[in-house]
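Everything on this sheet refers to the single structure shown next.
The values are calculated or read from the model by the stated rules, or taken from the named source; none is laboratory data. Keep in mind that this is a model prediction, so the values were computed, not measured. Here the Cβ positions follow ideal geometry from the backbone for every residue, glycine too, while neighbour counts run over all protein chains shown.
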Amino acid sequence: MEKAAGKGDMFGFEDDPGEDLAKLKRAWVNERNAPEILPYLEELMEDMKEQVRNQQHVADDKDGEGKALVANLLQMEVERVNFLLVQYHRVRLKKIERYILFLTTNQDAQQRLR
C-alpha cells in the first residue's frame, strides 16, 4: 500500500518510521559485529532524532489531553529509540577509542567517521 505523494502519516512523517527504526537496528547490529568502524549513517541518525522529537511532542500533547496511557506508550517508544541511538554511538566511540592511532593515520578510515 503506497501513500499519496506529499501526505505524511499521523505523526507527520513522510517516510515510514518503522522502516527507519529497522534501519537503525540493522546499523547498530552491523556496527557492533563489524571488526572495523563502518561509515557513519548521518542521514539516518538525523531522521531518527527528528522522529524522536516529533513523537515526544505528540506524547506531551496526549498527556496534556488526559490520555495518559497513550502518552506512556509513546514515551516508552521514544525511550526505546533513544536507547538504540545511544548504543549505536557508544559502539562507534569504543571503536574510535580502541583504534585511534589507526584512524588518525588512515585516510579511508577517517572518511568513515564523517
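One table, with the values for the structure above:
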quantity: Condition broken by MET48, with the remaining ones in (1) surrounded by 17 or more Cβ atoms within 10 Å (Cβ to Cβ); (2) modelled with pLDDT of 90 or more; (3) farther than 17 Å from TYR88 by Cα; (4) not aromatic (Phe, Trp, Tyr) satisfied; calculated: (3)
quantity: Scan of segment 51-72 for residues that are of a type outside the set (S, T, N, Q), closer than 25 Å to VAL29 by Cα and more than 9 Å from the chain's Cα centre (by Cα), ordered by number; calculated: ARG53
quantity: Test: residue in segment 65-86 that is touching a residue at least 12 places away in the same chain (Cβ under 8 Å), farther than 22 Å from LEU21 by Cβ and surrounded by 11 or more Cβ atoms within 10 Å (Cβ to Cβ); calculated: no
quantity: Within segment 23-114, helices (runs of 4 or more DSSP H) holding 3 or more residues that are touching a Pro at 6+ places or on another chain (Cβ under 7 Å) and among the small types (Gly, Ala, Ser); calculated: none
